[in-house]
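The block underneath contains the structure these notes are about, expressed in structure tokens.
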Amino acid sequence: MANPFPFSAIVGQDDMRLAFMIAATDASVGGVLAFGDRGTGKSTAVRALAALLPKIKVVSGCPYNCAPEKHAKLCGSCNGGAKPKTEMRSAPVVDLPLGATEDRVVGALNLERALAAGEKHFEPGLLARANRGFLYIDEVNLLEDHLVDLLLDVAASGVNLVEREGLSLSHPARFVLIGSGNPEEGELRPQMLDRFGLALEVRTPQDIPTRMEVIRRRDAYDRDPEAFHKHWAGAEKKLRTKITHARERVIDVEVPEAALERATRLCLTLGSDGLRGELTLIRAARAYAALEDVKVVGDDELKRVAPMVLSHRLRRNPLDDSGSATRVERAVQEVFAK
């Protein structure tokens with residue numbers, strides 16, 4: 001669609017919008033999982049985000065979006081040694097459909113060229129297109145196990161290794177993973193769940209004014225997308241500038257010892273496994289600070305991002321039937337009251 005629904009026009013899903021903007025600011029946060037009710041704008045928000053992403057500089061003609069910087073990981077065709085020509089491209093936001101075959105995801109031999117000319121030519125897959133961008137999986141909890149295993153391997157290494165039909169090659173495949181789904185249709189495997197830096201529940205708004213505004217805006221968009229897009233162009237430009245500036249500022253945001261201690265105490269209080277919780281909490285708080293033009297991470301930044309960073313990292317407690325978000329809120333109150 002030439003004019004997707006504007007990100008700035010999405011109503012009543014502030015946490016989801018913030019999570020996507022944090023992921024767009026700092027890819028090292030680790031992606032976003034949006035689980036919840038159908039028809040709450042999850043897919044709409046992902047596709048709207050694409051219009052806000054700053055363009056990226058790539059090696060001209062490269063199908064893998066290789067970065068021209070000296071220390072960037074390059075594909076085989078870009079490793080020539082000479083200074084490459086460059087071009088600007090829109091940051092990729094690639095859909096991975098549930099019915100996709102493994103060949104379509106990782107790439108495969110081009111059979112037509114092999115039969116017609118006897119050439120072994122690799123046809124890049126979805127992971128190649130998603131390099132340095134976003135890979136979006138709707139109904140991620142229904143993804144086939146062998147594709148989940150494949151994505152876990154690539155997400156961990158940042159490299160897609162292809163060995164099939166006499167081909168053996170690799171190419172960079174670093175992407176921000178975004179998943180959405182309905183928990184009523186099945187749970188996500190723990191290994192996959194752990195790969196998402198941020199996770200949140202997306203619920204249908206329950207107040208009448210918000211629901212009315214959602215319907216009003218969606219109806220206006222469906223009747224005249226071009227006019228609606230034009231109306232929101234100014235707000236879209238402001239958000240695009242906000243993300244661009246946040247990307248430039250995030251490296252300079254300071255994380256003092258006090259903030260690091262708060263993050264560690266919070267994760268210890270919640271009993272989260274491993275140290276990924278603390279690391280992601282600090283990165284997400286720093287990205288949020290950059291978005292808000294705050295130069296030092298403090299309690300406000302940590303408290304704002306803690307639920308979306310830690311809710312999916314909690315162990316099940318058979319003696320506590322409250323939801324994970326409630327447990328995080330209680331722990332935040334306890335730790336930050338000291």
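Taking the residues in the stretch 204-230 that are open to solvent by less than 90 Å² (accessible area, probe 1.4 Å) and of a type in the set (Val, Ile, Thr) as candidates, determine which candidate is modelled with the lowest pLDDT.
Checking each candidate, the answer is THR204.
Within the stretch 150-183, can you find the residues that are among the charged types (D, E, K, R) and within 20 Å of LEU198 (Cα to Cα)? It would help to see each step written out before you state the result.
As a first pass, look at the stretch 150-183 and keep what is among the charged types (D, E, K, R): 153, 163-165, 174.
Within the stretch 150-183, ASP153, ARG174 qualify.
Anything in the stretch 1-14 that is assigned to a helix (DSSP H, G or I) and surrounded by fewer than 23 Cβ atoms within 10 Å (Cβ to Cβ)? List them, or say none. Give the derivation first.
Keep residues of the stretch 1-14 that are assigned to a helix (DSSP H, G or I), which gives 7-9, 14.
Within the stretch 1-14, SER8, ALA9, ASP14 qualify.
Right, GLU201: over 26 Å from ALA23 (Cβ atoms), open to solvent by 60 Å² or more (accessible area, probe 1.4 Å) and in contact (Cβ under 8 Å) with a residue 60 or more places away in the chain or not?
no
Please go through the stretch 149-195 and give me each residue that is at pLDDT 85 or above and loosely packed, with under 14 Cβ neighbours inside 10 Å, ordered by number.
ASP149, ASP153, SER157, GLY158, LEU161
State which residue is surrounded by the fewest Cβ atoms within 10 Å (Cβ to Cβ) when the search covers only the stretch 15-55 and only residues that are among the charged types (D, E, K, R) and within 23 Å of ASN141 (Cα to Cα).
Filtering the stretch 15-55 for residues that are among the charged types (D, E, K, R) and within 23 Å of ASN141 (Cα to Cα), the one surrounded by the fewest Cβ atoms within 10 Å (Cβ to Cβ) comes out as ARG38.
Mind checking which pairs have a first residue in the stretch 206-222 that is at negative phi and a second that is open to solvent by less than 50 Å² (accessible area, probe 1.4 Å) and in a helix (DSSP H, G or I), Cβ under 6 Å, 6 or more apart or different chains?
Cβ pairs passing all conditions: ARG217/ALA9; ALA220/PHE228; TYR221/PHE228.
Please verify whether the stretch 231-240 includes one or more residues that are over 14 Å from ALA9 (Cβ atoms), out of contact with any Cys (no Cβ under 9 Å at 6 or more places or on another chain), assigned to a helix (DSSP H, G or I) and acidic (Asp, Glu).
no
Among the candidates ARG203, ARG164, which residue alone is in contact with a strand residue (DSSP E or B) (Cβ under 8 Å, 6 or more places away or on another chain) and within 17 Å of ALA34 (Cβ to Cβ)? First the steps, then the outcome.
Numbers: ARG164 fails: within 17 Å of ALA34 (Cβ to Cβ).
None of the others qualify; the one that does is ARG203.
Of the residues that sit in the stretch 105-141 and are modelled with pLDDT under 90 and open to solvent by 70 Å² or more (accessible area, probe 1.4 Å), which one is farthest from MET192 (Cα to Cα)?
Taking the candidates together, the pick is ALA116.
Quick one: how many residues across the stretch 172-196 are without any contact (Cβ under 8 Å) to a residue 60 or more places away in the chain and among the charged types (D, E, K, R)?
Residues that pass the stated criteria total 4.
Checking the conditions here, which among ALA285, ALA289 is in contact with a strand residue (DSSP E or B) (Cβ under 8 Å, 6 or more places away or on another chain) and either at pLDDT 95 or above or part of a loop (DSSP other than H, G, I, E, B) (or both)?
Details: ALA285 fails: in contact with a strand residue (DSSP E or B) (Cβ under 8 Å, 6 or more places away or on another chain).
One residue alone meets the criteria, ALA289.
Across the stretch 153-171, what is the number of residues that are touching a residue at least 12 places away in the same chain (Cβ under 8 Å) and more than 19 Å from GLY133 (Cβ to Cβ)?
Count: 6.
The values are calculated or read from the model by the stated rules, or taken from the named source; none is laboratory data. Only a predicted model underlies this, so the values are computations on that prediction, with no experimental measurement involved. Because the Cβ atoms are built from the backbone with ideal geometry, glycine has one as well, and the counts that use them run over all protein chains shown. Please note that ligands, DNA and RNA were not included when accessible areas were found on the heavy atoms of the full protein model with its side chains. Shrake-Rupley method; radii C 1.70, N 1.55, O 1.52, S 1.80 Å.
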